[in-house]
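S.K.: I am attaching a structure below and will ask some questions about it afterwards.
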Amino acid sequence: MPWPAKVIRQFEKVPGNPSEADFHGPYNRLLYTLFPPDTDFTVVPRYMLGSRESADFLVVLEDKPVFILELKPPGDLRYPSSRETADRQIRARIRDLHGDCPLPVLHAVIAAGTKLCFYRKPRGRRVEPPLVDAHPDLETDMAPRERWDCDILEDEGARKFRAVVEEIKQTCAVL
């Protein structure tokens, strides 16, 4: 089991055919497990203005952003347009926040249900994974489904997520 029982129980409470809101509790529990309240980190839930289907969690260190987790309903993975919208939104959040990030890399994740897509923005470089350019004559999948290549509840997804959190914590420790 990749996470403590308290975290797993929160994910098990998510109903079938869930909305993005059904994942607020599980990810809130997960982030508070990884960034406990007795540390210098604060987990801040944020809701996008004008959107009922876009929320994120921002992890801050002394009011400076160090990690973004954007939530989307799992059904969004099915549609290229929904994935493209999510990709545009996270890139905009990264663009808005990276200048305030005290770390050399701002990390972000889009969680579509339990499926994860990882982003990183090294200072002075472009966001990774790279933006997919639209082809003028062909339909282009701007945010390929393959980018959501792991599940937070499986060992590989938990390992990747923990690795990002550890990198953030280690880098913050030397600030």
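The values are calculated or read from the model by the stated rules, or taken from the named source; none is laboratory data. These numbers were taken from a predicted model, which means no experiment stands behind them. Cβ coordinates were reconstructed from backbone atoms using ideal geometry, including for glycine residues, and neighbour counts include every protein chain displayed. Ligands, DNA and RNA are excluded from the accessible area calculation, which covers all protein heavy atoms including side chains. Shrake-Rupley method; radii C 1.70, N 1.55, O 1.52, S 1.80 Å.
S.K.: Can you pull out every residue in the range 140-158 that is assigned to a loop (DSSP other than H, G, I, E, B), modelled with pLDDT under 95 and within 13 Å of ASP76 (Cα to Cα)?
M.R.: Scanning the range 140-158 gives ALA143, PRO144.
S.K.: Output the residue which, of all residues in the range 66-82 that are in contact with a Pro (Cβ under 8 Å, 6 or more places away or on another chain) and open to solvent by less than 40 Å² (accessible area, probe 1.4 Å), is farthest from VAL165 (Cα to Cα). Before you say what the answer is, go through the steps one by one.
M.R.: From the range 66-82, those in contact with a Pro (Cβ under 8 Å, 6 or more places away or on another chain) are 66, 73-74; that's our starting set.
Then keep just the ones that are open to solvent by less than 40 Å² (accessible area, probe 1.4 Å); that gives 66, 73.
Values: VAL66: 10, PRO73: 23 Å.
Only one residue tops the list, namely PRO73.
S.K.: Is it the case, given these coordinates, that GLN10 is among the polar types (S, T, N, Q), closer than 23 Å to ALA163 by Cα and either part of a loop (DSSP other than H, G, I, E, B) or touching a residue at least 12 places away in the same chain (Cβ under 8 Å) (or both)? Step through it out loud before you land on a result.
M.R.: Details: among the polar types (S, T, N, Q): yes; closer than 23 Å to ALA163 by Cα: yes; either part of a loop (DSSP other than H, G, I, E, B) or touching a residue at least 12 places away in the same chain (Cβ under 8 Å) (or both): yes.
Considered against the rule, which asks whether it is among the polar types (S, T, N, Q), closer than 23 Å to ALA163 by Cα and either part of a loop (DSSP other than H, G, I, E, B) or touching a residue at least 12 places away in the same chain (Cβ under 8 Å) (or both), GLN10 comes out as yes.
S.K.: Specify the residue that is most open to solvent (accessible area, probe 1.4 Å); the eligible residues are those in the range 152-168 that are without any contact (Cβ under 8 Å) to a residue 60 or more places away in the chain and either among the small types (Gly, Ala, Ser) or more than 16 Å from LEU69 (Cα to Cα) (or both).
M.R.: In this case the residue turns out to be GLU156.
Condition check ((1) touching a residue at least 24 places away in the same chain (Cβ under 8 Å); (2) part of a strand (DSSP E or B); (3) among the aliphatic types (A, V, I, L, M)) across all residues:
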position: PHE57; (1), (2), (3): yes, yes, no
position: VAL60; (1), (2), (3): no, yes, yes
position: PHE67; (1), (2), (3): yes, yes, no
position: ASP76; (1), (2), (3): yes, no, no
position: ARG93; (1), (2), (3): yes, no, no
position: ASP96; (1), (2), (3): no, no, no
position: GLY99; (1), (2), (3): no, no, no
position: HIS107; (1), (2), (3): yes, yes, no
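S.K.: ARG123 - would you say it is charged (D, E, K, R), under 25 Å from PRO26 (Cβ atoms) and surrounded by fewer than 18 Cβ atoms within 10 Å (Cβ to Cβ)?
M.R.: no
S.K.: Right, next: Among LEU116, LEU131, LEU175, which is the only one that is touching a Pro at 6+ places or on another chain (Cβ under 9 Å) and either within 24 Å of PHE35 (Cα to Cα) or in a loop (DSSP other than H, G, I, E, B) (or both)? Show your work before the answer.
M.R.: Details: LEU116 fails: touching a Pro at 6+ places or on another chain (Cβ under 9 Å); LEU131 fails: touching a Pro at 6+ places or on another chain (Cβ under 9 Å).
Criteria check complete, one pass: LEU175.
S.K.: Another question, if that's okay. Go through the residues of the range 31-38 one by one and say whether even a single one is under 12 Å from the mean Cα position of the chain (by Cα) and modelled with pLDDT of 95 or more.
M.R.: yes
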